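For reference, the structure discussed in these notes is given below.
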Amino acid sequence: MTKVRPPLSFESALAKVAGQIGWDTIARMFGKSERTVRAWSETEIPASVSMDKALALDAAFAAAGGDGAPFLSVYALRLQADTIAAQASSEELARKTVAAIKEGGEAHAALVAATRPGATPADRAIAEKEVVEAVDALTNTLATLRAGRRNDVHHGGPS
């Protein structure tokens, strides 16, 4: 029975290589049991193929007549997708940062106007409105910043 593995996963790349060269060949390449190398292709088992092994497996796949490099393909496509996501997140953070700076400046100006001699209740109402908008903009920026940090942690970036 063929196991279903997630697309664009190193587990599926290993299964593709094994389909070309055999589990027994992979086991011999690394001096491991066939059971151990099969476990590397299981998503629910926390074992994985090292980068050096992935390189050797891609080379063995090509040497056996396989088309392409399964591990390299997974790595390149996932890197590209993660980079695009990170850039989009950075752009969103930049937009929200600009909005927070703008709203903060308007709030500061309105607060100064509300504290001047002769300030009216309308000046204070405007200051209150501007402060609320600044707080909202900063809150949105903070949420985006925190979401980016959570993504960094889940993708191996800074914590």
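Please compute the contact order of segment 86-154 in relative form: average sequence separation of alpha-carbon pairs under 8 Å and at least six residues apart, divided by the residue count, as a percent.
Relative contact order for segment 86-154 comes out at 42 percent.
Mean separation of Cα pairs under 8 Å and 6+ residues apart, divided by the residue count of the chain: what relative contact order is that in percent?
Working: 130 pairs, mean separation 27.5, N = 159.
Rounded, it is 17 percent for the chain.
Expressed as a whole number of Å, what is the distance separating the alpha-carbon centroids of segment 37-85 and segment 87-154?
Computed from Cα coordinates, the inter-centre distance equals 45 Å.
Using a 10 angstrom cutoff on alpha carbons, build the Gaussian network for the chain and name the most mobile of A122, A54, A137.
Greatest mean-square fluctuation among the candidates belongs to A122.
If the only charges are +1 at each Lys and Arg Cβ and -1 at each Asp and Glu Cβ, what is the size of the charge dipole of the chain around the Cα centre, to the nearest 20 debye? Walk me through the intermediate numbers first.
Values: 18 positive and 19 negative charges, 81 e Å.
It works out to roughly 380 debye.
Run the helix sum for the chain: -39,500 (n - 2.57) per DSSP H stretch of 4+ residues, divided by residue count, reported at 222 nm to the nearest 500 deg cm²/dmol.
Working: 6 runs with 119 residues, N = 159.
Calculated at 222 nm, the ellipticity per residue is -25500 deg cm²/dmol.
DSSP H helices in the chain with Cα extent of 15 Å or more along the helix axis and mean Kyte-Doolittle hydropathy at least -1.0? Walk me through the intermediate numbers first.
On the way: long enough: 10-21 (16 Å, 0.72); 51-63 (18 Å, 0.94); 70-115 (66 Å, 0.31); 121-154 (49 Å, -0.35).
What comes out of the filter, once short or polar helices are dropped, is 10-21, 51-63, 70-115, 121-154.
How about segment 1-38: which trypsin sites (Lys or Arg not before Pro) there lie in a loop by DSSP and see at most 16 other Cβ atoms within 10 Å? Before the final figure, lay out each step's value.
Numbers: sites: K3, K16, R28, K32, R35, R38; in loops: K3, K32.
Listed in order of number, the matching sites are K3, K32.
Whole number please: convex hull volume per residue of the Cα set in the chain, in Å³?
Working: hull volume 21.3 nm³, N = 159.
Once divided by residue count, the hull of the chain is 134 Å³.
Can you put L14, L79, L8, L57 in order, fewest other beta carbons within 10 Å first? All intermediate terms of the calculation are to be shown ahead of the outcome.
Numbers: L14 26, L79 10, L8 13, L57 29.
Ascending Cβ contact count within 10 Å gives the list L79, L8, L14, L57.
Given points 7 Å out from each Cα along the Cα-Cβ axis, report the V98 to E34 separation in nanometres with one decimal.
Between V98 and E34, the simple spin-label model gives 6.0 nm.
Along the Cα-to-C-beta direction of S89, a point sits 7 Å from the Cα; which residues of segment 110-149 have their amide N less than 17 Å from that point?
140-149
With 10 angstrom as the radius, rank D136, D67 by how many other C-beta atoms surround their C-beta, starting from the fewest. All intermediate terms of the calculation are to be shown ahead of the outcome.
Numbers: D136 13, D67 8.
Going from sparsest to densest Cβ surroundings: D67, D136.
Which whole-number percentage describes the relative contact order of segment 17-102, with Cα contacts under 8 Å and a sequence gap of 6 or more?
On the way: 43 pairs, mean separation 18.2, N = 86.
Relative contact order of segment 17-102: 21 percent.
Values in this text are rule-based calculations from the coordinates and carry no lab data. Note that this is a predicted model, so its numbers are computed, not measured. Quick reminder, even Gly has a Cβ in these numbers, built from the backbone with ideal geometry, and neighbours come from all protein chains shown.
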